[in-house]
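I have placed the structure first, in the form of structure tokens, so that the comments after it can refer back to it.
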């Protein structure tokens, strides 16, 4: 995306990441949509190439400076890029030395968040209310019965804080079942 006049004025025509090349691209820091100047970073073509390919970790040593930029979007993108290579000692040291405000840090780390999805033994996404079939016999702890392979469990509920578990009723008792032992029906 071409650089707006306002963004050019903010960055003074220089890449906000490496500070050594002319800024030629507008980079929108996800999950923002980029409608506001505060969601954008002015970058050079080399930084854009490195973001897309991420082949030269030492290229990002320039982030040791850009992380201190007063613009939250630049801070978030710098932090995100450093975090992606935090196995490098120098990158980990930079991350330890900087204290971003909580909102900016969450913005930066949002790229690494995985959606909480419950998957059955075959990778199918499970949802509240689904019907599943047990793929193996299960001993039900705290009861006097076991659930046979092929038992149908209707109207399951997803355990909200654990993507590996669901709840369902077998023999009129609500039990917790591991997702890896069920198949979506």
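Provide a single number: the residues in region 32-71 that are without any contact (Cβ under 8 Å) to a residue 40 or more places away in the chain, closer than 22 Å to residue 92 by Cβ and assigned to a loop (DSSP other than H, G, I, E, B).
5
Answer yes if at least one residue in region 115-123 is on the phi > 0 side of the Ramachandran plot and assigned to a loop (DSSP other than H, G, I, E, B), and no otherwise.
yes
Among the numbered criteria (1) over 21 Å from the mean Cα position of the chain (by Cα); (2) over 15 Å from residue 91 (Cβ atoms); (3) at pLDDT below 95, which single criterion is violated by residue 21?
(3)
Restricting attention to region 36-60, and to residues there that are more than 19 Å from residue 111 (Cβ to Cβ) and under 24 Å from the mean Cα position of the chain (by Cα), which single residue is modelled with the highest pLDDT?
The qualifying residue modelled with the highest pLDDT is 42.
Kindly indicate which of 74, 29 is touching a residue at least 60 places away in the same chain (Cβ under 8 Å), touching a helix residue (DSSP H, G or I) at 6+ places or on another chain (Cβ under 8 Å) and buried (at least 16 other Cβ atoms within 10 Å of the Cβ).
Unique residue meeting the criteria: 29.
Name the residue that is farthest from the chain's Cα centre (by Cα), counting only residues in region 159-185 that are part of a strand (DSSP E or B) and modelled with pLDDT under 90.
So, considering only residues that are part of a strand (DSSP E or B) and modelled with pLDDT under 90, the one farthest from the chain's Cα centre (by Cα) is 173.
Looking only at region 97-124, how many residues end up being exposed (fewer than 11 other Cβ atoms within 10 Å of the Cβ) and free of Cβ contacts under 8 Å to residues at least 40 places away in the same chain?
Of the residues in that region, 10 qualify.
So which residues in region 100-118 are out of contact with any strand residue (DSSP E or B) (no Cβ under 6 Å at 6 or more places or on another chain) and under 15 Å from residue 160 (Cα atoms)?
Hits for region 100-118 are 114, 115, 116.
The values are calculated or read from the model by the stated rules, or taken from the named source; none is laboratory data. Treat the numbers as computed from the prediction; the structure is a model and nothing was measured. Glycine also receives a Cβ, built like all others from the backbone with ideal geometry; neighbour counts cover every protein chain displayed.
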